[in-house]
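The values are calculated or read from the model by the stated rules, or taken from the named source; none is laboratory data. None of the values given here were measured: they were computed from a predicted structure. For neighbour counting, all protein chains shown are included, and Cβ atoms are generated from backbone atoms with ideal geometry for every residue, glycine included. When the accessible area is computed, the model is the full protein with side chains, heavy atoms only, and any ligands, DNA or RNA have been set aside. Shrake-Rupley method; radii C 1.70, N 1.55, O 1.52, S 1.80 Å.
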Amino acid sequence: MSELLTLAEVGGPLAAVAGGVGYARAKAPALYWLAIGLPVTAARFSVTYGSTMDACGLTVEPSRLRVLITRATTRREIRPVPPKIRRVRPTSTGLRVRLRLAPGQEPADVAASAERLRHAWGVHAVHVSVVKPGVIELRMTGFDVLRKVRMPRRLPAGELLVPVALREDGTAFVRNYRAVPHCLTLGATLTGKSVYQRNLITRLARLDVALVGIDCKFGVELAPFAPRLSALATDSGQASSLLDKLVGEMEARYDLIRSHQGIPGSVPDDEITSDIWGLPTEVRPVPLVLIVDEIAELFLVATRKDEERRDHMVTQLIRLAQLGRAAGMFVEACGQRFGSELGKGATMLRAQLTGRVVHRVNDVETARMGLADISPEAVLAATQIVPEMPGVAVAGDSSGGWSRIRTPHMSLADAARICRETARLAPELSSLAAFRPYVPPVNTPVDGPSLVKPRPVTG
């Protein structure tokens, strides 16, 4: 009887501990990973690394020199050689292992076995990235980091580097305008496209850039950010005029660049440049980002006159996308639907938008329009995004690389507040002065007589 009581006394605390561990794994996966998942995974990896690589076919025969040394110094069995471990680094979301590939191996061999490695080491996912020729990094995540987005503490910083979202491998998704100047963002209603746009705008608002908006939905999407915008068009007529001014601004910047190209020898050779980044700081124009909300509205026409204006607007937009990078002018085009049926110039414009971010869409053709020229697997991943996880998207570029991302939630009120706080950074561009949105002054409370009737004095 006493033995039964002892077992009951022990079983109670054990059940409570097991319940707490299960609750932490479901509700606080980051805490569970640091306390339990990381030590277990690290031990499992160190013990089974060689056998796992051998089972996955990621080993090669040792060199003759190694065979001779092994036979001369030991009596061990000569086994195939796995990639050499360079570094193991734990993180708050997983484990990163840097490997030196064996002769004859390539990163694609390891990437093809990522699913096997995930099951062998009991982690949520394994991603392979190339560090340099012959060196790769295994980025293991211990839990689904996209379920509850927390941006890394250390974010990339630099000129026109904008962290926008979190990748599924736990790193930040960064819009690098110097490397990927233009981007097409697609997504149906309630998929998180607007939240992505808010994160992008608020990050840009803190930088020394000019923000210009075209919102043909009467300004309802971009008007809250008016304090930080240098120009805003809210209908197709204003958009056509604004695009003309932007093309004129681009041509003026090219004239400035030509004046610093040493023709006919008036500029020193070390100051010759082909873009604004080589210009002296005192004359360099501020970078400009054009944000087009609902790009399909620019293509819609009702009359022949509208069709002529549409063709003119699309032509100007294509010119900006083709020539704007050297002038420091970048295009962010957003929309719910994008396809060749929008009309002349749609596919030509898409070809100039190097970056692609596709949220959940209502038809597979939009996913193909955004990602088919990047990777067929990316199209499949975009069509599998579930409605229960708004903000999840597939991001890629013309290099063929892609990944799943998710933006942290940001309310419209918070985004508008940040734009008000950074309004002083909005540059005054004389060529766009006519399109500067009017921002009414903030009403301040005025001291006046109290409306509360004082109590009568008694006594």
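The set of residues from segment 390-409 being out of contact with any strand residue (DSSP E or B) (no Cβ under 7 Å at 6 or more places or on another chain) and modelled with pLDDT under 90 comprises Ser398, Ser399, Gly400, Gly401. The number of residues in segment 167-182 being of a type in the set (A, V, I, L, M, F, W, C) and over 11 Å from the mean Cα position of the chain (by Cα) comes to 2.
Considering only residues of segment 311-326 that are over 16 Å from Ser236 (Cβ atoms) and not small (Gly, Ala, Ser), which is surrounded by the most Cβ atoms within 10 Å (Cβ to Cβ)? Step through it out loud before you land on a result.
Going residue by residue through segment 311-326, those that are over 16 Å from Ser236 (Cβ atoms) are 318-326.
If we keep only those that are not small (Gly, Ala, Ser) too, we end up with 318-320, 322-323, 325.
On the way: Ile318: 17, Arg319: 16, Leu320: 24, Gln322: 13, Leu323: 16, Arg325: 20.
Within segment 311-326, the match that is surrounded by the most Cβ atoms within 10 Å (Cβ to Cβ) is Leu320.
Only residues that are open to solvent by less than 10 Å² (accessible area, probe 1.4 Å) and in a helix (DSSP H, G or I) were counted in segment 184-196, giving 1.
For segment 152-164, name all the residues that are touching a strand residue (DSSP E or B) at 6+ places or on another chain (Cβ under 6 Å), aliphatic (A, V, I, L, M) and surrounded by fewer than 18 Cβ atoms within 10 Å (Cβ to Cβ). Break it down stepwise before answering.
Let us first name the residues in segment 152-164 that are touching a strand residue (DSSP E or B) at 6+ places or on another chain (Cβ under 6 Å), namely 152, 155-156, 161-164.
Narrowing the set further to residues that are aliphatic (A, V, I, L, M) leaves 155, 161-162, 164.
Scanning segment 152-164 gives Leu155, Leu161.
Identify the residue in segment 415-428 that is assigned to a loop (DSSP other than H, G, I, E, B) and either open to solvent by 30 Å² or more (accessible area, probe 1.4 Å) or among the hydroxyl-bearing types (Ser, Thr, Tyr) (or both) and, among all such residues, is modelled with the highest pLDDT. Out of the qualifying residues, it is Thr422. So for segment 59-80 (the condition being out of contact with any strand residue (DSSP E or B) (no Cβ under 7 Å at 6 or more places or on another chain), modelled with pLDDT under 95 and surrounded by 18 or more Cβ atoms within 10 Å (Cβ to Cβ)), does at least one residue qualify? Checked segment 59-80: no residue is out of contact with any strand residue (DSSP E or B) (no Cβ under 7 Å at 6 or more places or on another chain), modelled with pLDDT under 95 and surrounded by 18 or more Cβ atoms within 10 Å (Cβ to Cβ). Among the residues of segment 217-247, those that are closer than 21 Å to Gly324 by Cβ and touching a Ser or Thr at 6+ places or on another chain (Cβ under 6 Å) comprise Arg228, Lys245.
Listed here are the residues, each with its yes/no results for (1) closer than 19 Å to Cys419 by Cα; (2) modelled with pLDDT of 90 or more.
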site: Lys193; (1), (2): yes, yes
site: Asn199; (1), (2): yes, yes
site: Arg206; (1), (2): yes, yes
site: Lys217; (1), (2): no, no
site: Arg228; (1), (2): yes, yes
site: Lys245; (1), (2): no, yes
site: Arg253; (1), (2): no, yes
site: Gly262; (1), (2): no, no
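On the stretch given as segment 116-146, residues that are part of a strand (DSSP E or B) and in contact with a strand residue (DSSP E or B) (Cβ under 8 Å, 6 or more places away or on another chain) total 14. Only one entry in Ala210, Ala252 is open to solvent by 10 Å² or more (accessible area, probe 1.4 Å) and of a type in the set (A, V, I, L, M), namely Ala252. When the residues of segment 287-306 are filtered to those that are closer than 25 Å to Val357 by Cβ and outside any strand (DSSP E or B), the one that is most open to solvent (accessible area, probe 1.4 Å) is Leu300.
I need a count of the residues in segment 114-130 that are open to solvent by 50 Å² or more (accessible area, probe 1.4 Å) and of a type outside the set (Val, Ile, Thr). First the steps, then the outcome.
Taking segment 114-130 first, the residues open to solvent by 50 Å² or more (accessible area, probe 1.4 Å) are 115-116, 118-119, 124, 130.
Then drop every residue that is not of a type outside the set (Val, Ile, Thr), which leaves 115-116, 118-119, 124.
Here the count works out to 5.
Could you tell me which of the residues Arg167, Arg178 is open to solvent by 30 Å² or more (accessible area, probe 1.4 Å) and touching a Gly at 6+ places or on another chain (Cβ under 9 Å)? Lay out the reasoning, then the answer.
On the way: Arg167 fails: touching a Gly at 6+ places or on another chain (Cβ under 9 Å).
None of the others qualify; the one that does is Arg178.
Of the residues making up segment 133-151, those that are open to solvent by less than 50 Å² (accessible area, probe 1.4 Å), touching a residue at least 60 places away in the same chain (Cβ under 8 Å) and farther than 29 Å from Gly104 by Cβ are Gly142, Phe143, Asp144, Leu146, Val149, Met151. Give the residue that is nearest to Leu34 (Cα to Cα), with candidates limited to residues of segment 81-97 that are without any contact (Cβ under 8 Å) to a residue 40 or more places away in the chain and open to solvent by 30 Å² or more (accessible area, probe 1.4 Å). My answer is Arg89.
Look through Leu207, Leu211, Leu232 and report the one residue that is in contact (Cβ under 8 Å) with a residue 12 or more places away in the chain and in a loop (DSSP other than H, G, I, E, B).
When all the criteria are applied, what remains is Leu207.
At least 1 residues being in contact with an Asp or Glu (Cβ under 9 Å, 6 or more places away or on another chain), of a type in the set (Gly, Ala, Ser) and open to solvent by 10 Å² or more (accessible area, probe 1.4 Å) is the threshold, and among the helices (runs of 4 or more DSSP H) wholly inside segment 327-401 those reaching it are 346-352.
Got a sec? Which of Leu412, Leu432 is surrounded by fewer than 14 Cβ atoms within 10 Å (Cβ to Cβ) and either among the hydroxyl-bearing types (Ser, Thr, Tyr) or modelled with pLDDT of 90 or more (or both)?
Values: Leu432 fails: surrounded by fewer than 14 Cβ atoms within 10 Å (Cβ to Cβ).
Being surrounded by fewer than 14 Cβ atoms within 10 Å (Cβ to Cβ) and either among the hydroxyl-bearing types (Ser, Thr, Tyr) or modelled with pLDDT of 90 or more (or both) holds for just one of Leu412, Leu432, which is Leu412.
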